[in-house]
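Student: Dropping the structure in here first, questions after.
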Amino acid sequence: MKLYLVRHGEAVGETVHPERPLSERGREDSKIMGMILKSQQVTITHVWHSGKKRAIETAEIIADILGIRNLCEQRAGLHPNDPVQDTAREIKTMGAADDGEAIMIVGHIPFLPRLASVLLTGKDNLGFIRFETAGVACLDSFQGGDWQIEQVLTPRSLPLE
């Protein structure tokens, strides 16, 4: 199973708009990230996102570019300061099945680095992946449920053809 952890694109400030939608750069970076993932022939079976506008917009942009239809699902427990244990447990259970699924979670800091840390080490305080806005960390699980970092991408990681 592959897990794509995506930090939402850059958002406007709360003083500009209280719901903090994506800025123009955030929309563009999300499009670029979608194109990078498409160029790598990434196939996603489920897209989860928090209920915050910036995460929803990022998920929709990337899902559209990857040709994902009706798979965006707002999930409780994916907001910035939510505990990661329940989500990690659910992902570990799915990863142990290793049925070729690929999940994309579009969320926030500090949730995403804490989730990655729990999956990789069992501890939620070893935030060794730096998530840039619209950045993606791909984790891969192996039989037995062990996880490793496959790659970390930013909108400026790879040249687009």
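Since every read-out is calculated from the coordinates, none of them should be taken as a lab result. On a predicted model such as this, the values are computed, not experimentally measured, just so you know. As a convention, Cβ positions derive from the backbone with ideal geometry for all residues, glycine included, and neighbour counts pool all protein chains shown.
Student: For region 51-121, run through the trypsin sites (Lys or Arg not before Pro) and keep only the ones in DSSP coil with at most 15 other Cβ atoms within 10 Å of their Cβ.
Tutor: Numbers: sites: 52, 53, 54, 69, 75, 89, 92, 114; in loops: 52, 69, 75.
Loop-located and lightly packed - 69.
Student: Taking a cut-off of 22 Å between Cα atoms, list the lysines near residue 31, but don't count ones fewer than 8 places away on the same chain.
Tutor: 2, 52, 53
Student: Just to confirm my numbers, what's the Cα centroid distance between region 4-19 and region 65-140 in Å?
Tutor: The two parts, judged by their Cα centres, are 18 Å apart.
Student: Would you look at the GNM of the chain, springs on alpha carbons closer than 10 Å, and say which of 50, 141, 23 moves the most?
Tutor: Looking only at 50, 141, 23, the biggest GNM fluctuation is shown by 23.
Student: Note down the magnitude of the dipole of the chain about its Cα centre, charges +1 on Lys and Arg C-beta and -1 on Asp and Glu C-beta and zero elsewhere, to the nearest 20 debye. Write out the running numbers ahead of the final one.
Tutor: Details: 18 positive and 22 negative charges, 54 e Å.
Using Cβ point charges on Lys, Arg, Asp and Glu, the chain gives about 260 debye.
Student: Which of the GluC sites (Glu not before Pro) across region 1-99 are loop residues per DSSP, with 13 or fewer other Cβ within 10 Å?
Tutor: Numbers: sites: 10, 14, 19, 24, 28, 57, 60, 73, 90; in loops: 10, 14, 19.
Those satisfying the criteria are 14, 19.
Student: Which whole-number percentage describes the relative contact order of the chain, with Cα contacts under 8 Å and a sequence gap of 6 or more? Could you put the intermediate results ahead of the total?
Tutor: Numbers: 340 pairs, mean separation 51.4, N = 161.
Across the chain, relative contact order equals 32 percent.
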